[in-house]
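Here's the structure, in structure tokens; my notes come after.
Where a number appears in this text, it was derived from the coordinates with a stated rule and is not lab data. Quick caveat, the model's predicted, so the values are computed rather than measured. Because the Cβ atoms are built from the backbone with ideal geometry, glycine has one as well, and the counts that use them run over all protein chains shown.
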Amino acid sequence: MTDQQAQALLTFFQFAFLNQVLAEEASQEAYQRLDQLARTRPNDNFDVMFVQVTHLVFERHHQAVLKGKQATLQSALTAQSRDIDLSPWRDYFKGASPDELIVVVWALILKLPLEAIAKALDLSAGTLQHRLSRAVRKLSLKLENAPTPQVRRPWS
């Protein structure tokens, strides 16, 4: 696996859990599974395998979070994300279903092809599009209500 693919794993779990420790744990587990899968099935579509593995690992860790076996959710994303106001995402995170949340991360943050996501989840394109549309609608409401950040450009 490339560094870019490994970073995509970490990014997925950071946005899916909003917990840096849990994100690192989950991404390491997913990395091992995905690396092994890619070696045993080199001709398979990597994007499909990526979605399958991240979904499997997400479900396992998400169930542990729900049962209280993991640390309380905390927002601690990487340095590259610290300059971004994540309060709309946190609000969305609290109210979104897990299915909507991960579809948004795959499709809009990681920019994975919708066909690969649908195939990996064994969904029709229409069902996936419906989930994504519903999720985007909820997220856009959070963004509409978010305060506009004051940006000071270095050249002004």
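At-a-glance table
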item: Amide N of the stretch 1-26 lying under 12 Å from the label point, which is placed 7 angstrom from the Cα of residue 39 along Cα→Cβ; result: 1
item: Phi-based couplings in Hz for the stretch 3-10 (Karplus 6.51, -1.76, 1.60; Gly and Pro marked x); result: 4, 5, 5, 5, 5, 5, 4, 4
item: Three-way shape call for the stretch 3-145 based on the alpha-carbon gyration tensor, with the a/c threshold at 1.5; result: oblate
item: Separation of the residue 21 and residue 90 label points, Cα + 7 Å toward Cβ, nm; result: 1.8
item: Karplus 3J(HN,Hα) series, Hz, for the stretch 122-139 with 6.51 cos²θ - 1.76 cosθ + 1.60 (x for Gly, Pro); result: 6, 10, 6, 4, x, 5, 5, 4, 5, 4, 5, 4, 4, 5, 5, 4, 5, 5
item: Exposure proxy ranking, count of Cβ atoms within 10 Å, fewest first, for 54, 11; result: 11, 54
